[in-house]
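The values are calculated or read from the model by the stated rules, or taken from the named source; none is laboratory data. On a predicted model such as this, the values are computed, not experimentally measured, just so you know. Because the Cβ atoms are built from the backbone with ideal geometry, glycine has one as well, and the counts that use them run over all protein chains shown. Just the protein is used for accessible areas: all its heavy atoms, side chains included, with ligands, DNA and RNA removed. Shrake-Rupley method; radii C 1.70, N 1.55, O 1.52, S 1.80 Å.
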Amino acid sequence: QVQLVESGGGLVQAGGSLRLSCAASGGTFSNYAMGWFRQAPGKEREFVVAIRWNSGTTRYADSVKGRFTISRDNAKNTVSLQMNSLKPDDTAVYYCAADNYGMGTDRQYDYEYWGQGTQVTVSS
């Protein structure tokens, strides 16, 4: 059983930056693809970015390409999401997710484990 805990959310002005982190425990972190998803008020949860388990291959949603960067540190069992040039539309609860031996897909049902989420609010 893998436990995921997100941190780093907060309130930021449009154009600003935030860095989210997700700490994993209870499993072999390097064996998991890691993804970030988000859910805005009144909307369904959507894919943001993912990184494959056995390589640095990443996949980004079009809406965040060029602004967000995912990275992982297998030695520290963490995955981070650097968010730059934030927009009010990026306001959402951001969730970290893990997929055992996953390819880093954009499909929520591929991910077995989820964190509790961290709120990101971007003011205009």
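Have a look at the DSSP beta bridges in segment 11-124 and tell me what percent are antiparallel, nearest 5.
Restricted to segment 11-124, the bridges split so that about 90 percent are antiparallel.
Divide, for segment 83-124, the radius of gyration over alpha carbons by 2.2 N^0.38 Å, where N is the residue count.
That works out to 1.41 for segment 83-124.
Describe numerically, in nm with one decimal, the distance between label points set 7 Å from Cα along Cα→Cβ at residue 100 and at residue 67.
For the pair residue 100/residue 67, the computed spacing is 3.6 nm.
Looking only at 49, 79, 12, which one moves most when the chain is put into a Gaussian network model with springs between Cα atoms under 10 Å?
12
Which of 78, 58, 28 moves most in a GNM of the chain, Cα contacts under 10 Å?
Between 78, 58, 28, it is 28 that shows the largest mean-square fluctuation.
By its C-alpha gyration tensor, with a ≥ b ≥ c as the square roots of the eigenvalues, how is the chain shaped: rounded for a/c under 1.5, else prolate for a/b larger than b/c, else oblate?
Cα axes put the chain in the prolate bin.
Give me a comma-separated list of calculated 3J(HN,Hα) values for segment 55-70, in order, Karplus coefficients 6.51, -1.76, 1.60 applied at θ = phi - 60°, integers in Hz, x for any Gly or Pro.
7, x, 4, 10, 9, 10, 5, 4, 5, 10, 4, x, 10, 10, 9, 9
If I stretch the segment between residue 109 and residue 74 completely, what's the gain in nm (0.36 nm per residue apart, minus their alpha carbon distance), one decimal?
10.3 nm
If the cut-off is a Cα-Cα distance under 27 Å, which lysines reach residue 76, setting aside same-chain residues fewer than 8 apart in sequence?
65
With every protein chain kept in place and ligands, DNA and RNA left out, what is the accessible area per residue of the chain? Probe 1.4 Å, answer in Å².
Accessible area per residue, the chain: 49 Å².
Suppose the chain between residue 30 and residue 14 were pulled fully straight at 0.36 nm per residue; how much longer would it get relative to their current alpha carbon spacing?
Between residue 30 and residue 14, full extension yields an extra 2.4 nm.
Amide H of residue 32: which non-local residues (sequence gap of 5 or more, or other chain) have their own amide H closer than 5 Å, using H built in the peptide plane?
101
Which residues make up the longest stretch of the chain clear of trypsin sites (Lys or Arg not before Pro) that lie in a DSSP loop with no more than 14 other Cβ atoms within 10 Å, not counting the sites?
Value returned for the longest uninterrupted segment is 1-42.
Multiply the residue gap between residue 87 and residue 54 by 0.36 nm, knock off their C-alpha separation, and tell me the result in nm, one decimal place.
Contour length minus Cα-Cα distance gives 8.7 nm.
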